[in-house]
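*Asks:* To start, I am sharing the structure in question, which I have written as structure tokens.
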Amino acid sequence: MTRLARARRTLAEARWWALDYVYAAEWQARAVLSRAEPGRYLGGELRPVLVIPGIFETWQFMRPMIEALHSAGHPVHVVTALQNNRVPLDEAARIVAAHLTERDLADVVIVAHSKGGLVGKSVMLQGPAAARIDGMVAVAAPFGGSRYARFLPLRSLRAFRASDAGLSALARDLRVNARILSVFGVFDPHIPEGSALAGAENLRLDTGGHFRVLADPRTVAAVLERAAR
């Protein structure tokens, strides 16, 4: 890569980074201020969808995706018990599995962001609730971990190290990867390793970001197509 090409790449990444945090700040604020109730999205005759947000995100952070799915005719379920998804991965998986079982959901497609993709894959791999899931679309999920995690002060964030025992075991288990669509951009400021998943269907968008890829029209279209498949 030439010096000019590197400079252009650096500028593009800086722009994507800035836009990403503007998007995240806007939707975190909307999540706090919104009075939307999860029950309003439960109507629909098509395949049920269950949404799992990332760490520090409530279900309302993913409302643009939820609105698109519900408008297309899908009942959309959110797991309010996850709150902002700071609990350990195995505990989050148990909460989601309990939600699927208690509501007797079947043929479900999971739509997940970031850590939510790890939670979704964990549920797909273990327990009776796994049979209730048809597949998953994971957006910007750290399937291989992030090299930045070791520098972070919170234990809940350090769990995203590639060397973390739970994350490593999840990465080695390929049994459900073929039922996962992983969507990600060419640049992710949180996951420099990217979100490509071996054996899965991988959709790499020619844009950057960790959060704003959720609202990219190509991501929304891929989610709607997978839910309707």
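The values are calculated or read from the model by the stated rules, or taken from the named source; none is laboratory data. As the structure is a computational prediction, the values presented were derived from the model and not from experiment. In case anyone asks, the SASA skips ligands and DNA or RNA and just uses the protein heavy atoms, side chains included. Shrake-Rupley method; radii C 1.70, N 1.55, O 1.52, S 1.80 Å.
*Asks:* Using the alpha carbons of segment 1-74, what is the convex hull volume per residue in cubic angstrom, as a whole number?
*Replies:* So the per-residue Cα hull volume is 127 Å³.
*Asks:* Continuing with this model, one more query. Inverting the mean 1/r over all pairs of different Cα atoms, compute the Kirkwood radius of segment 68-185 and quote it in Å.
*Replies:* Value: 14.7 Å, from the Cα pair sum.
*Asks:* So, with a 1.4 angstrom probe, what is the percent of accessible area on the chain that is carbon and sulfur?
*Replies:* 56 percent
*Asks:* Given the Cα-Cα distance of Ala228 and Ala165 and 0.36 nm per residue of separation, how much length would full extension add, in nm?
*Replies:* 19.2 nm
*Asks:* Compute the acute angle (0 to 90°) between the alpha-carbon long axis of helix 115-125 and the principal axis of greatest extent of the alpha-carbon atoms of the chain; round to the nearest 10°.
*Replies:* Compared with the principal axis, the helix lies near 50 degrees.
*Asks:* Quick check: the distance between the Cα centres of segment 26-89 and segment 9-25, to the nearest angstrom?
*Replies:* So the separation of the two Cα centres works out to 24 Å.
*Asks:* What residues qualify as long-range amide H neighbours of Ile52, i.e. H under 5 Å apart, gap of 5 or more or another chain, H built at 1.01 Å from N?
*Replies:* Val111, Ala112, His113
*Asks:* Å³ per residue of the Cα convex hull, for segment 155-195?
*Replies:* Output value, Cα hull per residue: 90 Å³.
*Asks:* Over segment 32-125, with the other protein chains present, what is the accessible area per residue in square angstrom, probe 1.4 angstrom?
*Replies:* For segment 32-125, the per-residue accessible area is 40 Å².
*Asks:* For segment 141-220, evaluate the Debye formula with one uniform point scatterer on each Cα (no solvent term) and list log10 I(q)/I(0) at q = 0.16, 0.17 Å⁻¹, rounded to two decimals.
*Replies:* Debye intensities relative to I(0), on a log10 scale: -0.63, -0.70.
*Asks:* Roughly how tilted is helix 217-228, in degrees to the nearest 10 and between 0 and 90, from the longest Cα axis of the chain?
*Replies:* Between helix and principal axis, roughly 30 degrees.
*Asks:* If you don't mind, another one. In 5 Å bins starting at 0, how do the alpha-carbon pair distances of segment 173-224 split up by percent?
*Replies:* In whole percents, the pair-distance histogram is 5, 21, 29, 23, 17, 5, 0.
*Asks:* If you don't mind, there's one more thing I want to ask. Could you state the number of Å between the C-alpha centres of segment 137-212 and segment 105-136?
*Replies:* Centre-to-centre (Cα) distance: 16 Å.
*Asks:* Translational D (Stokes-Einstein, µm²/s) of the chain at 10 °C and 1.306 mPa s when Rh comes from the Kirkwood sum over C-alpha pairs?
*Replies:* 90 µm²/s
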